[in-house]
Amino acid sequence: MRLALDVSAVPAQPAGAGRYVVELASRVANDECELTLVSQVGDAARWTQWSPQAHVVDIVPRARPARLLYEAVALGRSSKVEADVWHGPHYTMPRLRTRPTVVTICDLTFFTNPEWHERSKVLFFQRAIRYAARHADALISISETTTSLLQEIVKPTVPVTTIPLGVDLERFTLNSAESDSLAAHGLPRDVPYFFFLGTFEPRKGLDLLLEAFALVAQDDPEVELWLAGQAGWGTDGLAQQIAEHPCSDRIRRLGYVDDALVPTLMRTSRAVCYPSRGEGFGLPVLEALACGAQVITSADTVMQEVAGTAARLVPVGDVPALAAEMASTALSTAGERDELARRARARAEEFSWERTVVAHRALYGSLVKHS
């Protein structure tokens with residue numbers, strides 16, 4: 001089977017959906033699956049590094065207007081791409097397709113909460129999702145929550161397969177024997193801190209986390225808040241909130257952190273806080289659980305679907321409840337933390353990238369068989 005995977009939407013520093021594509025690209029090729037990656041012009045080197053077994057065709061224009069035009073009239077039709085099945089892992093697909101096509105739908109927030117996204121993207125992705133729901137041969141949804149919303153809002157006429165994301169269980173571990181990695185990155189080893197990882201954008205609930213931290217920090221003069229991740233959009237208000245925060249001197253913006261440092265930051269935190277208002281999956285929650293970290297996240301969201309009973313859950317937007325859960329982590333005994341760590345790890349072990357990849361290969365194979 002020859003698979004073409006469209007990786008043209010993945011930035012150099014991937015997160016969220018980009019991480020999903022990188023993991024898939026690095027793992028899906030085997031003796032039965034010959035992989036071609038379709039990337040932006042000039043990106044062949046990094047994709048060859050991430051996926052040495054793949055053949056990389058860097059033909060997609062880099063400039064956004066040219067890329068959108070290319071997608072509309074030429075994507076998937078190049079003679080350089082020989083494949084039996086095409087996978088668009090980020091909502092989009094070739095409009096003039098010549099082979100079976102599967103499209104991944106990561107979330108439906110472009111429909112449910114368009115205010116969480118840049119206006120220029122909302123209409124584009126709404127159209128892309130609706131088109132894929134009518135013209136692809138199959139859709140992949142990354143969670144039951146997303147599948148339910150997809151059926152309710154878009155009502156696809158093509159089959160939908162739910163395939164949850166995974167976690168690298170060898171990198172995200174319970175190992176508590178930390179090296180000097182924090183010190184090597186200029187971070188103190190003896191300061192208690194809450195940790196957030198994710199792209200800075202309105203739906204992530206960072207405004208709520210900052211409000212909750214102000215309440216917690218009043219009674220805890222040593223605890224800090226460490227924020228890791230890239231700046232997305234709509235961050236002007238967040239920057240002002242941090243600058244005017246009563247404990248701004250205890251808030252560290254770490255930026256995009258090295259992959260190798262993330263498990264350490266999760267393991268050694270007092271808790272990983274992910275008060276997002278809504279996601280398609282919420283990968284940082286699963287990664288934190290795999291590390292055995294205490295996790296505080298949003299109830300009645302996909303994060304609850306992922307975490308099960310292994311995380312502390314608070315109602316979306318409830319700052320006092322979030323602050324109360326954050327404060328209570330300081331009261332946990334070593335025994336309680338160990339028990340929670342074991343439970344969190346057990347939950348995380350229900351997910352893996354290997355299972356995700358196997359399910360993808362099975363779907364590809366079924367499309368080729370019936371084409």
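The values are calculated or read from the model by the stated rules, or taken from the named source; none is laboratory data. As the structure is a prediction and not an experimental result, all values here were calculated from the model. Every residue, glycine among them, receives a Cβ derived from its backbone with ideal geometry; neighbour counts consider all protein chains shown.
Here are some notes:
Residues checked against (1) at pLDDT 95 or above; (2) β-branched (Val, Ile, Thr); (3) over 16 Å from the mean Cα position of the chain (by Cα):
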| site | (1), (2), (3) |
| --- | --- |
| Phe111 | yes, no, yes |
| Ser143 | yes, no, no |
| Gln151 | yes, no, yes |
| Pro156 | yes, no, yes |
| Pro159 | yes, no, yes |
| Val167 | yes, yes, no |
| Pro188 | no, no, yes |
| Pro192 | yes, no, yes |
| Phe200 | no, no, no |
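- Among the residues of segment 46-98, those identified as among the charged types (D, E, K, R) and either part of a strand (DSSP E or B) or touching a helix residue (DSSP H, G or I) at 6+ places or on another chain (Cβ under 6 Å) (or both) are Asp58, Asp84, Arg95.
- Residues satisfying the stated conditions in segment 99-123, i.e. assigned to a helix (DSSP H, G or I) and buried (at least 16 other Cβ atoms within 10 Å of the Cβ): Thr109, Phe110, Phe111, Trp116, Val122
Here is a yes/no grid of residues against (1) free of Cβ contacts under 8 Å to residues at least 24 places away in the same chain; (2) surrounded by 15 or more Cβ atoms within 10 Å (Cβ to Cβ); (3) in contact with a Leu (Cβ under 6 Å, 6 or more places away or on another chain):
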| position | (1), (2), (3) |
| --- | --- |
| Val302 | no, yes, no |
| Thr309 | no, no, no |
| Val319 | no, yes, yes |
| Thr329 | no, yes, no |
| Ala334 | yes, no, no |
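Listed here are the residues, each with its yes/no results for (1) outside the structural domain of Val302 (by TED's automatic domain parsing); (2) at pLDDT 90 or above.
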{"residue": "Thr173", "(1), (2)": "yes, yes"}
{"residue": "Asp207", "(1), (2)": "no, yes"}
{"residue": "Glu222", "(1), (2)": "no, yes"}
{"residue": "Leu225", "(1), (2)": "no, yes"}
{"residue": "Trp233", "(1), (2)": "no, no"}
{"residue": "Gln241", "(1), (2)": "no, yes"}
{"residue": "Arg253", "(1), (2)": "no, yes"}
{"residue": "Leu265", "(1), (2)": "no, yes"}
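- Among residues of segment 200-225 that are farther than 14 Å from Ala239 by Cα, those with a Cβ under 9 angstrom from a residue that is part of a loop (DSSP other than H, G, I, E, B) and among the β-branched types (Val, Ile, Thr), sequence gap 6+ or separate chain, pair up as Phe213/Val223; Val216/Val223; Ala217/Val223; Glu222/Val191; Val223/Val191; Glu224/Val191.
- The C-beta contact set for segment 85-102 (first residue under 15 Å from Phe125 (Cβ atoms) and outside the structural domain of Ala138 (by TED's automatic domain parsing), second residue surrounded by fewer than 23 Cβ atoms within 10 Å (Cβ to Cβ) and at pLDDT 90 or above, distance under 6 angstrom, 6+ apart or interchain) is empty.
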